[in-house]
Amino acid sequence: MNRKNVKNKVEGFSKKTKEEKIKWLKENYFNNNSNEILNKYWNSDSSLQKIHDEFTENTISNFYLPIGVAPNFLIDNNDYTIPMVIEESSVVAAACKAAKFWRNKGGFKTSIISLKKTGQVHFTFKGDKSKLEKFFKENQSKFFEDCKEISSNMKKRGGGILDIELLDKTHDIDNYFQINAVFDTVDSMGANFINSCLEQFASTLKNEMKNCLDITSSDYSLDIIMSILSNYVPECLVKAEVSCDLSEIDQTGGLSGKEYTDKFIQAINIAKTQTNRAVTHNKGIMNGVDAVVIATGNDFRAIEAGVHAYAAKTGMYKSLTDACVENNTFKFWIEIPLALGTVGGITNLHPLVKWSLELLNNPDAKELMKIVAVAGLAQNFGALDSLITTGIQKGHMKMHLINILNSLNASENEKNKLINFFKKNTVSFSAVKKELEKLR
């Protein structure tokens, strides 16, 4: 790689102005005007740019992703147009198609299964385990009491600390224990609240054990390793489903209702038993989930981690969706863990997040869970529908055509002609390039 001599270390980089940071990058990493693009992506509204600058550390510019909308969703008999932030056009197109397909068949139905989140204080304890268990049982109320101030506002909103328990993990690691705490964070994702409570639990554990007459420093030792929430939320669960009579999907993709649903169910069975298919199957679900999670200012990395762990909860990674036919009725559903919030974080700061939530009629956390689950189910339906009928590439490459034309610097006139040409021809990069060269 042709690079300038890069300094091994820079002092006080975070204290530099944005312009100074960009200048340093140019001097050390670039031989051209590559950094000019950074300035072009600054927002012309300085107050808006300041908000974005303060979202993270060492901001030098903005990275734009398109926000699109998918209308015609009927969820629990209510109309929704769903905001989606994603760079892949076929995702939004598939969501729109699924919304229209199910709209006149009763739409999507949802239910919240549970809303619990957890976090743990991880620690080691050397000594008589029975004394530790006795100590925890006798002092459990103290842990709640010491968190009164931290949890007061959450309790007013109907949430708070639901339970704490001592878990013996010495079969995994020598002398290793956890204080496992269960929380309800209502309309917030609750990371800061949970972590604050856990750190207080750790402090209470340490202080109270010092004061316990049965546990002396000569016989026992306690070492707090860490206190942190878990993004694995198998008890913060939502279900979304669709159903219809087989006659309502007769001749879908040129197949009879029975032929269509047989292939559809078989495709899911493959994803339930074959990990190599399940990963791609669930990735398609997350196309829809992540797009709405990002649009509403939630943490898509946490959602991804929790969802994929849930998909492997039996010890084998499997499909998140399922389907069956009962009494001539086709049923298709998803159960998915989603720890989401509609207050806190950037939900009240990012203008487009606020806009997205307003578009959804300012849902609470439970309503947002339902909407996001529906987006994932719709996305999976769109993918499976294509796979068992026309194939995935026909629709995908049609949507990808404009990106190919842009990468080849096609003019608007050339784009219009080639879009029309490829309505009846197979799209590939080489085919598009060849036809473009013919035009020129």
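For THR273, are the conditions met, namely being over 20 Å from PRO363 (Cβ atoms) and polar (S, T, N, Q)?
In short, yes.
Can you give me the number of residues within region 98-108 that are surrounded by fewer than 18 Cβ atoms within 10 Å (Cβ to Cβ) and either in contact with a strand residue (DSSP E or B) (Cβ under 6 Å, 6 or more places away or on another chain) or among the basic types (Lys, Arg) (or both)?
3
Which residue out of LYS258, LYS263, LYS210 is out of contact with any helix residue (DSSP H, G or I) (no Cβ under 7 Å at 6 or more places or on another chain), basic (Lys, Arg) and either within 30 Å of MET316 (Cα to Cα) or not in a helix (DSSP H, G or I) (or both)?
Result: LYS263 is the single residue among LYS258, LYS263, LYS210 that is out of contact with any helix residue (DSSP H, G or I) (no Cβ under 7 Å at 6 or more places or on another chain), basic (Lys, Arg) and either within 30 Å of MET316 (Cα to Cα) or not in a helix (DSSP H, G or I) (or both).
Among the residues of region 108-133, what is the count of those that are outside any helix (DSSP H, G or I) and farther than 23 Å from PRO337 by Cβ?
Qualifying residue count for the region: 6.
Just give me the residues in region 223-242 being surrounded by fewer than 19 Cβ atoms within 10 Å (Cβ to Cβ) and assigned to a strand (DSSP E or B), in sequence order.
Selection gives ASP223, ILE224, ILE225, MET226, ILE228, LYS239.
Select, from ALA365, ALA378, ALA311, the only residue that is surrounded by 16 or more Cβ atoms within 10 Å (Cβ to Cβ), farther than 16 Å from ASP290 by Cβ and in the same structural domain as ILE270 (by TED's automatic domain parsing).
ALA365
Output the qualifying pairs, or none if there are none: Cβ atoms under 9 angstrom, residues six or more apart or on different chains, first residue in region 117-142 and at positive phi, second residue surrounded by 20 or more Cβ atoms within 10 Å (Cβ to Cβ) and at pLDDT below 95.
Hits for this filter: GLY127/ILE215.
Going by the conditions given, is THR296 surrounded by 17 or more Cβ atoms within 10 Å (Cβ to Cβ) and at pLDDT 95 or above?
Yes, satisfied.
Condition first: β-branched (Val, Ile, Thr), under 30 Å from GLU326 (Cα atoms) and at pLDDT 95 or above. Can you find one or more residues in region 213-233 that meet it?
no
If you check GLU54, GLU87, which single one turns out to be in the same structural domain as GLY297 (by TED's automatic domain parsing) and exposed (fewer than 14 other Cβ atoms within 10 Å of the Cβ)?
None of the others qualify; the one that does is GLU87.
Scan region 340-349 and give yes if some residue there is surrounded by 22 or more Cβ atoms within 10 Å (Cβ to Cβ), in contact (Cβ under 8 Å) with a residue 12 or more places away in the chain, assigned to a helix (DSSP H, G or I) and of a type outside the set (S, T, N, Q), otherwise no.
No, region 340-349 contains no residue that is surrounded by 22 or more Cβ atoms within 10 Å (Cβ to Cβ), in contact (Cβ under 8 Å) with a residue 12 or more places away in the chain, assigned to a helix (DSSP H, G or I) and of a type outside the set (S, T, N, Q).
All but one of (1) within 29 Å of GLY341 (Cα to Cα); (2) assigned to a helix (DSSP H, G or I); (3) free of Cβ contacts under 8 Å to residues at least 12 places away in the same chain; (4) of a type outside the set (Ser, Thr, Tyr) hold for ASP79; state the number of the condition that does not hold.
The single condition ASP79 does not satisfy is (2).
Please indicate, with yes or no, whether at least one residue in region 239-256 is in the same structural domain as TRP102 (by TED's automatic domain parsing), of a type in the set (Ser, Thr, Tyr) and touching a strand residue (DSSP E or B) at 6+ places or on another chain (Cβ under 8 Å).
yes
Being touching a His at 6+ places or on another chain (Cβ under 6 Å), over 22 Å from ILE346 (Cβ atoms), among the hydrophobic types (A, V, I, L, M, F, W, C) and assigned to a helix (DSSP H, G or I), is that true of even one residue in region 277-290?
No: zero hits.
Is it the case, given these coordinates, that LEU349 is at pLDDT 90 or above and closer than 30 Å to LYS239 by Cα?
No; evaluated as a whole, the condition is false for this residue.
Looking at region 341-358, is at least one residue within 14 Å of the chain's Cα centre (by Cα) and among the hydrophobic types (A, V, I, L, M, F, W, C)?
For region 341-358, residues within 14 Å of the chain's Cα centre (by Cα) and among the hydrophobic types (A, V, I, L, M, F, W, C): absent.
Here are some residues: LYS129, LYS134, LYS169, LYS206. Which one is modelled with pLDDT of 95 or more and surrounded by 12 or more Cβ atoms within 10 Å (Cβ to Cβ)?
Residue meeting the stated conditions: LYS169.
The values are calculated or read from the model by the stated rules, or taken from the named source; none is laboratory data. On a predicted model such as this, the values are computed, not experimentally measured, just so you know. We place every Cβ from the backbone using ideal geometry, glycine too, and count neighbours over all the protein chains shown.
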